[in-house]
1. From the phi angles alone, apply the Karplus equation (6.51, -1.76, 1.60; θ = phi - 60°) to region 51-64 and give each ³J(HN,Hα) in whole Hz, x where the residue is Gly or Pro.
2. Test of understanding: what is the full-extension gain from Glu56 to Asn24, defined as 0.36 nm times their sequence separation minus their Cα-Cα distance?
3. Rg to Rh for the chain: what is it, with Cα atoms only and Rh by Kirkwood?
4. Within 10 Å of each candidate Cβ there may be at most 13 other Cβ atoms; applying that plus a DSSP loop requirement, which trypsin sites (Lys or Arg not before Pro) in region 34-122 survive?
5. With only Lys, Arg, Asp and Glu charged, each at its Cβ (+1 for the first two, -1 for the last two), find how big the charge dipole of the chain is about the Cα centre; round to the nearest 20 debye.
6. Please calculate the 1.4 Å probe accessible area of Glu88, with all protein chains present, and give it to the nearest 10 Å².
7. In the chain, what is the count of Lys pairs whose alpha carbons are under 25 Å apart, counting only pairs at least 8 residues apart or on separate chains?
8. Starting from the residue with the highest accessible area, list Thr13, Thr94 in decreasing order, probe 1.4 Å.
Amino acid sequence: MAKIVLLVDDSATSRMTSRMLFGNMKEYELLSACDGKEGVEVALQRRPDLILMDVEMPRMSGIEACRARREHAETRNTPIVLLTMRGESKAVETGFDSACNEYLLKPLNEGVLAVILKKYLG
């Protein structure tokens, strides 16, 4: 049975790039959402096994969505990987304070993605 990965990113280009990365990985089903608010809603409906989430988005940031996701018992333990262009120490600290599992810099390459998927999904 395929593991469900939810990608939350307001950039259509980032979503398309991720779809291409996942294209050869038949063991995963990729869902997507366009902002943090939609990401929380999709996570509650579909219960993904892992969430890849951009930090800076309209309506609800990845940080806010990460915190909101922890408030729901159904999604509290779902691993979240925050993805961002911002690598300064304060941004990283804020990311981990939101209870994310990983904080990675964009663009995410296939090798790093494979390591993350194996780490959290086996």
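The values are calculated or read from the model by the stated rules, or taken from the named source; none is laboratory data. Please read these numbers as outputs of a predicted model, since none were measured by experiment. Every residue, glycine as well, gets a Cβ built from its backbone with ideal geometry; the counts of neighbours run over all protein chains shown. These accessible areas exclude ligands, DNA and RNA; they are computed on the full protein's heavy atoms, side chains included. Shrake-Rupley method; radii C 1.70, N 1.55, O 1.52, S 1.80 Å.
1. Karplus values, whole Hz, x for Gly and Pro: 10, 9, 9, 5, 8, 9, 9, x, 6, 7, 6, x, 4, 5.
2. Details: separation 32, 0.36 × 32 = 11.52 nm, distance 2.78 nm.
Extra length from Glu56 to Asn24 when fully extended: 8.7 nm.
3. Working: Rg = 13.0 Å, Rh = 14.1 Å.
Radius of gyration over Kirkwood radius for the chain works out to 0.92.
4. Filter output for region 34-122: Arg59, Arg76.
5. The calculated dipole for the chain is roughly 260 debye.
6. 80 Å²
7. 13
8. So, going from the largest accessible area down, we get Thr13, Thr94.
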